[in-house]
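Every read-out reported here was derived from the displayed coordinates using simple, explicitly stated rules and does not represent laboratory data. Not measured: the values here are computed from a predicted model. Cβ coordinates were reconstructed from backbone atoms using ideal geometry, including for glycine residues, and neighbour counts include every protein chain displayed.
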Amino acid sequence: MGDAVWVLGASMTRFGRYPDLDSVDLAAQACMDALADGGTTIHDMDVLAAGSLFQPPGMGQRVQKQIGQTGIPVYNVTNACATGATALRLVYMAIKAGEAQMGLAFGVEQMGKMGLLRGGSKEEANVYEPSGRHGAVTAVDGILGTETMPGVFAQAGMEYAYENEGVGFEQFARVAFKNHQHSTLNPLAQYRKEFTMEEIMSSPVQSYPNTLLMCCPTGDGAAAAILVSEERLRSLPIDVRKRAVKISASVLTSDPWVESGQVQPDVNTLTRNAAAQAYEAAGVGPEDLDLVELHDCFATAELIHYDNLGLCERGGAGEFIDSGGPFRDGRTPVNVSGGLISKGHPIGATGVANVYEVTTHLRGEAGDRQIKGARVGLAHVIGLGSACGIHILEKSAA
Amino acid sequence: MIDENTDGTDVAVKVPTNVPIVDYLILGDDPHLVANECKECGARYFDRRNACARCGKVEFVSARVSNEATLRSFSVVHRAAPGIPVPYVSAIVQTDDGTSVRANVVGLNDPMKVELGMRVRLTTYGCGTDDIGTECMAFGYVAA
């Protein structure tokens, strides 16, 4: 005890579409709200980490110009869909290292209607010439399998279905049913509409088994968090202190080598490794979690992460969803925010927004969607390539 | 196309009638895939590596990859970038010598006939022609 890092303030914009604002506006709004939430200003911050994936460079400095140029070190972070979690962890590490007492991490993305991610357009070459690391003479997406995100994650889910009993189209669809249902209680979600299983299963197939309603949307949004050292926290007023939430584990992993990794991203091994490290660091197990926000970019992804995070028996993800385990009234509520599928997934913001979500429940401030009595929660993101970030948060007394 | 003989004189080079879509596909009478295989641990790579991502050793040999495989995962892709014909079946297969390959499953009347665990075999087919008449040869897998 004594050297923990705490979340002092947190905020997120509603996820959605903001054609009249830019990413700097969105990030600045989340930062101002998080600073106010923690009873602080930018002048209290010793470090700033800015996460974004598709925005122009220098996001952190551009936001400083909106909220206060105090000369502190700024780190601009990009790490695929784990960008936000990486920014958060960077501030965490700066405080752990004793270089900062208080810091601001934010994530932002403005995607508009980007549509399908990845998968090159097919352009017929005039004269075939080998290029790139595989000497390809033409774009291979759609010829040598798929490079699209709904397809890659469909394959990740179908491999699990191949290896385990009781997993199929219906189990994947039920994940989306749950997250759409959960989102109706979250005023910050991009979509807040419940759908029937029939509607989900009969919506247009993107990449079987992922239908449209089983895929996250593109969107705009930002989230921010203020982290503080335990020492500094103790010097703060009681009303600020009692809302602080302890970070019991902050972990970032990348892919170890696996045989199939060169043709199909392995989202499992690094998540399992991150989970093991996080549970060890926090001294808790999956059975202790009151809620989990995990990376449901597609319904197929959420299902396999039940297993990767140890929320169910090994191989038991199908049974877990069928028995209602991850529903908000189930054994371990998963994505009570609506998840990426319905809350939305402005990529850089996601890894901070799920920490905001867990923090809000642990503070007992989540309104209609509050998980009653929540004391321990886990936030997970994964970026292909790959990077996995896990944070375990606990309600505790400083 | 013009090349140069060893004695410095120009010589016309026969334009190939087809080219492989990627350099790890070997065409000819016996089409197959090749991989760079780590001499130490046997890990295989379809591209060049500075050191083995598994064991860190730096010596590689060229290895033929088995044409026979088992389908471990698939997706029937209905939405793709403009110009790519849909639906198609993307798959991850594992060859009988243990190498994972990503490719399409071809030759099915109905894409939904694809099955997890099905036995498949490598095949090649033309997937386009350039302005000088060279055909691009792709590989895929058919039900065995």
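Structure values in brief
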item	result
Tail fraction, Cα-Cα pairs, the range B:39-114, threshold 20 Å, whole percent	48
Which of A:257, A:64, A:126, positive extreme of dipole for chain A (C-beta unit charges)	A:64
Translational D in µm²/s for the range A:149-299 (Stokes-Einstein at 37 °C, 0.692 mPa s, Kirkwood Rh from C-alpha pairs)	177
Cross-link partners of residue A:343 among lysines (Cα-Cα below 27 Å; sequence separation of 8 or more within a chain)	A:113, A:178, A:193, A:246, A:372, A:395
Nearby lysines by direct alpha-carbon distance to residue B:57 (threshold 26 angstrom, same-chain neighbours under 8 apart not counted)	B:39
Relative contact order, percent, chain B [alpha-carbon distance under 8 Å, six or more residues apart]	20
Charged-residue dipole, Cβ positions (Lys, Arg, Asp, Glu), the protein assembly as shown about Cα centre, Debye nearest 20	1620
Anisotropy class of the range A:52-121 from Cα gyration tensor, a/c 1.5 cut	oblate
Net +/- balance of residues flanking residue A:15 in space, Cβ distance below 12 Å, scoring K and R +1, D and E -1	+1
Per residue Cα convex hull volume in Å³ - calculated over the range A:333-398	93
D_trans [Stokes-Einstein, Kirkwood Rh over alpha-carbon pairs] for the protein assembly as shown, 37 °C, 0.692 mPa s, µm² s⁻¹	134
Fewest-first ranking of A:163, A:170, using other Cβ atoms within 10 Å as the exposure measure	A:163, A:170
Relative contact order [Cα under 8 Å, 6+ residues apart], the range A:251-378, whole percent	26
Global size of the range A:237-283 as Cα Rg and Dmax, reported in angstrom	16.6, 54
Average projected area [Cα convex hull, the range A:100-236], square nanometres	14.5
Beta bridge orientation in the protein assembly as shown: antiparallel %, DSSP, nearest 5	80
Debye log10 I(q)/I(0) for the range A:265-398, one point scatterer per Cα, at q = 0.11 Å⁻¹	-0.34
Residue mean of other protein chain beta carbons inside 10 Å, A:180-189	0
Burial order of peptide ranges A:19-27, A:65-73 (average beta-carbon count within 10 Å, highest first)	A:19-27, A:65-73
Shielding of B:104-111 by partner chains, average beta-carbon count, 10 Å	1
Per-residue mean of C-beta atoms belonging to partner chains within 10 Å, peptide A:262-271	3
Dimensionless Rg ratio for the range B:12-143, taking C-alpha atoms and the 2.2 N^0.38 Å reference	1.17
Per-selection Kirkwood Rh - the range A:149-220 (Cα, Å, 1 d.p.)	12.8
Assigned charges on the beta-carbon of Lys, Arg, Asp, Glu; the range A:202-307 dipole about Cα centre (debye)	520
Top positive-direction residue, dipole computed over the protein assembly as shown with Cβ charges, set A:209, A:284, B:132	A:284
Total formal charge among the other residues, if their Cβ is under 11 angstrom from that of residue A:52, Lys/Arg +1 and Asp/Glu -1	0
Residue A:235 paired with residue A:196, simple spin-label distance in nm, labels 7 Å along Cα-to-beta-carbon	6.1
Helix-only CD estimate at 222 nm, as mean residue ellipticity for chain A, using -39500 (n - 2.57) per DSSP H run (n ≥ 4)	-10000 deg cm²/dmol
Total formal charge among the other residues, if their Cβ is under 14 angstrom from that of residue A:319, Lys/Arg +1 and Asp/Glu -1	-2
Residue-wise HN-Hα coupling along the range A:197-211, computed from phi with Karplus coefficients 6.51, -1.76, 1.60 (Hz; x: Gly, Pro)	4, 4, 5, 5, 6, 9, 6, x, 5, 8, 9, 3, x, 7, 8
Rounded to the nearest 20 debye, dipole of the range B:12-143 from Cβ charges on Lys, Arg, Asp, Glu	420
Cα-based Rg / Dmax (Å) for the range A:180-222	11.4, 33
Computed log₁₀ I(q)/I(0) - Debye formula, equal Cα scatterers, no solvent, the range A:85-167, q 0.26 Å⁻¹	-1.18
Length gained when the stretch residue A:203-residue A:65 is fully extended (0.36 nm per residue, less Cα-Cα span)	45.2 nm
For the range A:24-147, average projected area of the Cα convex hull in nm²	10.6
